[in-house]
Structures are given as structure tokens and as C-alpha cells.
Amino acid sequence: MNHKSVFRAIAALAMTCVGFTVAVRADETCNSPYIAKLIKGQEDYVYVWTLGVEGLGDGSDKLVTVDVNPKSKSYGKVLHSVSTGARAEAHHMGFTDDRRRIWAGGLSENRIWVFDIATDPARPKLVRTIGDLGDKSGFLGPHTYYALPGRMLVQALSNTKDKGGVTGMVLYNNEGKHLGSYAMPTEGGGDGYGYDLAVNPKKNVLLTSSFTGYANYMRSLGELIKDGEAMKKFGNTMVLWDLKAIKPTKVLAVPGAPLEIRWSLNPKDNWAITAAALTSKLWLVKQDAKGEWIAKEVGTIGDPSQIPLPVDISITRDGKGLWVNTFMDGKTRYFDLSNPEAPKQTYEKATGKQVNMISQSWDGKRVYITSSLLANWDKGGADNEQFLRGFAWNGKELAQKFEVDFTKEKLGRAHHMKLGSKALRSAAAGG
């Protein structure tokens, strides 16, 4: 592998994407800045990466397409689903930079499924399975799939040796060829844990967060919480990397398992925000007056003593607002980020008995919410709602517009979402 050519390609596109936020006019807000094809206006589809449930339908993980265009006769209905034929704790997914493919995977093993969404955006097709992540890297449980120029950087959560939290990232080209592996730092304050990754091309910065390993996230949540030793095995760091070289430059102390990372999309800003799951705190990563990157606790989500468990966040396109979903209390909160140093909660609503992922449209008028966290962490009985719900947001109130009951539809547990459009159909996008 020619590492220099890889880094040159990344550096070249990093420079061209300095002003990416200016050109973007539509789409969802939480995507890699390297994705070239964007939705102009109303999205047509929400793709839902769904955990299989034994005895429900075929029991396998699947990619589900839901019609979300209010003008459509099938608005709020399932249009299509494509099964992997396996149950591997489906979790997250991501577009390639040309947006022809979705890469998706599960946390219980090392396969990555690649779906063609360009030939027929309403009916994705499984076109490739990548199975060498563990063999090539020693890492386990691919989580985040992040588009770089012609490449995908995949953040794993665990490792194949002891299934603990020490892990790393793996780089592939868009055809699924392994290009390199990068261990999370264990020195200089690093704990080796990983979770999400996101880039700031203007600053040549890659930022990563941290969670826990297979031995923890595959246990039942009730059992895990009672295990004092196990609860010590969660990440307490975020790491700054040189994006061009993919080398760690600084470890930041951020206690309590900082999860999703959202850089402000305002071109004038150079900060990112995250939520720590175990402490219910919002943290800001920014440069200080001397240009040094620091992490600063800036806000509280709900009542931390009740462990609301913030699980996903979505930032507005102007960087002045943040949606936060908390799993345990089933609430969706909105924070005013006009002053990112002091976020203020201005709205909250119970949107389910359990809620996890949240995605918003670029214009901020539509919000989508799913229910499942992890198969062994989801609630039981009547609280085990499994859904995709679509809401309209007028700046004051979330109004539910549709719901897909994934249990009733025999689809499984609804987790991660991506938006799609008929306009992105490409005749040249074969398998």
C-alpha cells in the first residue's frame, strides 16, 4: 500500500472542502463533508438499518426503505427491505463519498455490508460483503463509516483478542480493499477506546470519541449496571488526529463515554460538540486563545442522577441548535447553541417509551426518530417500542406526522437512519 498517495488524496480534498458548508443547500445535517451528491429540497426516503429479531420475519438484519415525501401516496409506508441473511447487531451505516453506496455493519462481528442505492434509490441492493476487518486489523465491531476521498474510514468498538474496549480505525477504498489500520492511542492519557469520528477539513483535524467493548455492549443493560468492575470499562477520552497523516496529536479527557461528534456547520465556527452518555453532560471541543485544542464541559442533559442516557445528537445547519435524544426517559430535547459555551435547553418532549437515533433535514423542518439502542439494552414488555417516527418542527413544537411500527411490520429493531432521494438515481451505478 502506498500510504503517501492515500494521504495526498485526503489532503487535496480537505483543501477543496474548506468552504463546504457554503455550497450545501439541502440534505441531512450529520454527514461527512466529502459527500459530493446532495439532496436538493424534500427527501423522498429514509433508509433504516434494522436489527433482526429471532422469530420476527426472517430474523435477519436488514436495510429498510420508508417513503417520507408528504406528496407521495405511500407516505409513511415501507417501500422495500433487503436482508443480509444474518443477525449481527446491526448498528450504524454511512454513505461513500460519491453517495452510490451505503456501508453498514453490526457490532457483534466484523462483516460490512455494502448496498447500492444509486441504481434504484427506493430499492437498495446488497452488492458486496467485506469480511476481513478482524483479520486485517484485529479490531471487532465496526461502528462508524465515514467518507473520505474515494475511501471509507471505519471506527471499530472492540478487538478480537479479548473483546474489550481497546480498538482502532480501519481504512478501505470504496471498492472494499483494506488500506491501513490505526490503533487508538493508549499513551499520553489515551485509553484505547473508540466510538465515533468526524473531521474538520479547515483545521486538518480528525476527532474521535469513546465507548466500550464487546464484553460490555453485548450484555444486558440491567446486568451490566450492577457490575461495578465492568462499569469502569468505558471510555473517558476524545482524541485529536492529524487528518492528512491519520496520526493522533492530542488526547482530551472527557469522562463518561462521549458518543456522537458534531462539528458546527457554520463556516465561521471551529468547534465540535458531544454528549457523554454516563454523565449526561454536553462537552465542547474548541481551540483556546493560544490555538490549543481543549475539551470543556458546557451543559447538562436532564437529571444526571436519573441516568437519562443521552444516545444521539443532531446539530442544526447554522450551528445554533442541537437535538438530543435520551434513551431511558424517551425524551427529545432541543438546546439553543447561540452561545456554545453555555447551551440552553428550550424544548423537550417525550417522543417514545425508548428513543435512540435522531436525524433532521437541512432546513430543520423535519425530524426523524428511531427506537432501538442495542438488542440487549432495549427495554422489555410494553416499553419495547420499535419504530420510525417522522415529525414536523416549526421552531416551537414537534408534531408527529407518521409512524412505522417495525414490530408490527415484522422488520425488527429500528436503529440508524440516512436520507435518500429519487433525484440521486444514477444509471451508471451498477453492482
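The values are calculated or read from the model by the stated rules, or taken from the named source; none is laboratory data. The model shown is predicted, which means the values in this text are computed figures rather than measured ones. Virtual Cβ from ideal backbone geometry, glycine too; neighbours counted across all protein chains shown. Areas reflect the complete protein model, heavy atoms only, side chains present, ligands, DNA and RNA absent. Shrake-Rupley method; radii C 1.70, N 1.55, O 1.52, S 1.80 Å.
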Quiz prompt | Hz values of 3J(HN,Hα) by residue in region 79-92 - Karplus curve (6.51, -1.76, 1.60), Gly and Pro given as x | solution = 9, 6, 9, 10, 8, 8, x, 9, 10, 9, 6, 3, 9, 10
Quiz prompt | HN-Hα J in Hz across region 389-399 - Karplus 6.51, -1.76, 1.60, θ = phi - 60°, x for Gly and Pro | solution = 10, x, 10, 9, 10, 9, x, 10, 8, 8, 10
Exercise. State, as an integer percentage, the relative contact order of region 288-431 based on alpha-carbon contacts under 8 Å between residues 6 or more apart.
Key: 15
Self-check item: Choice from 230, 382, 272 with maximal GNM fluctuation in the chain (Cα, 10 Å cutoff)
Solution: 382
Practice problem: Label region 295-427 by shape, choosing from rounded, prolate and oblate, from the square roots a ≥ b ≥ c of the eigenvalues of the Cα gyration tensor; if a/c is under 1.5 it is rounded, and otherwise prolate applies when a/b is larger than b/c, oblate when it is not. | Solution: oblate
Quiz item: Given (1) 55, 52, 44; (2) 85, 50, 47; (3) 72, 61, 38 as candidate values of Cα extents along the principal axes in Å, which corresponds to the one derived from the coordinates?
Solution: (1)
Quiz prompt | Whole-angstrom gap from region 294-370 to region 129-197, using each part's C-alpha centre | solution = 27
Quiz item: Classify region 200-279: rounded, prolate or oblate, from the alpha-carbon gyration tensor (a ≥ b ≥ c, eigenvalue square roots; a/c under 1.5 rounded; otherwise prolate if a/b is larger than b/c)?
Solution: prolate
Quiz item: How much space per residue, in cubic angstrom, does the convex hull of the C-alpha atoms of region 217-355 take up?
Solution: 132
Exercise. With a cut-off of at most 14 other beta carbons within 10 Å, and DSSP calling the residue loop, which trypsin sites (Lys or Arg not before Pro) in region 154-217 qualify? Please list them.
Key: 161, 177
Quiz item: How large is the dipole of region 113-172 about the Cα centre if only Lys and Arg carry +1 and Asp and Glu carry -1, each at its Cβ, rounded to the nearest 20 debye?
Solution: 20
Practice problem: Please give the residues of region 407-428, grouped as numeric ranges, whose backbone N is less than 16 Å from a label point set 7 Å along the Cα-to-Cβ vector of residue 69. | Solution: 419-426
Quiz item: Given a cut-off of under 8 Å on Cα pairs at least six residues apart, what relative contact order in percent is computed for the chain?
Solution: 15
Practice problem: Report the residues of region 411-426 in range of a label on residue 36: point 7 Å along Cα→C-beta, backbone N strictly under 16 Å from it. | Solution: 424-426
Quiz item: How much length, in nm to one decimal, is gained on full extension between residue 392 and residue 345, taken as 0.36 nm per residue of separation minus their Cα-Cα distance?
Solution: 15.0 nm
Exercise. Calculate the spin-label point distance for residue 135 paired with residue 54, positioning each point 7 Å from the Cα along the beta-carbon direction, and give it in nanometres.
Key: 2.8
Self-check item: region 208-243: trypsin sites (Lys or Arg not before Pro) in DSSP coil with no more than 15 other Cβ atoms inside 10 Å
Solution: 226, 232
Self-check item: Note, ³J(HN,Hα) from phi for region 255-267, Karplus 6.51, -1.76, 1.60, rounded to Hz, x at Gly and Pro
Solution: x, x, 6, x, 9, 5, 10, 10, 6, 4, 8, 6, x
Quiz prompt | Amide H within-cut-off set for residue 150, under 5 Å, with H built and near neighbours excluded | solution = 97
Quiz prompt | Sequence-separation-based contact order of region 88-168, relative, with Cα cut under 8 Å and 6+ spacing, percent | solution = 26
Practice problem: Decide, for region 95-174, between rounded, prolate and oblate: order the square roots of the alpha carbon gyration tensor eigenvalues as a ≥ b ≥ c, take rounded if a/c falls under 1.5, and otherwise choose prolate if a/b is larger than b/c, else oblate. | Solution: prolate
Quiz item: Charges only on Cβ, +1 for Lys and Arg, -1 for Asp and Glu: so what's the dipole of the chain about the Cα centre, in debye to the nearest 20?
Solution: 1140
Exercise. Just the number, please: carbon plus sulfur as a percent of the accessible area of the chain, 1.4 Å probe, no ligands or DNA/RNA counted.
Key: 49
Quiz item: If each of residue 403 and residue 229 carries a label point 7 Å out from its Cα toward its Cβ, how far apart are those two points in nm?
Solution: 4.3
Quiz item: What accessible surface, in Å², does a 1.4 Å probe find on residue 314, ignoring ligands, DNA and RNA and rounding to the nearest 10?
Solution: 0
Quiz item: Of the GluC sites (Glu not before Pro) in region 249-317, which ones lie in a loop per DSSP and count no more than 13 other C-beta atoms within 10 Å?
Solution: 292
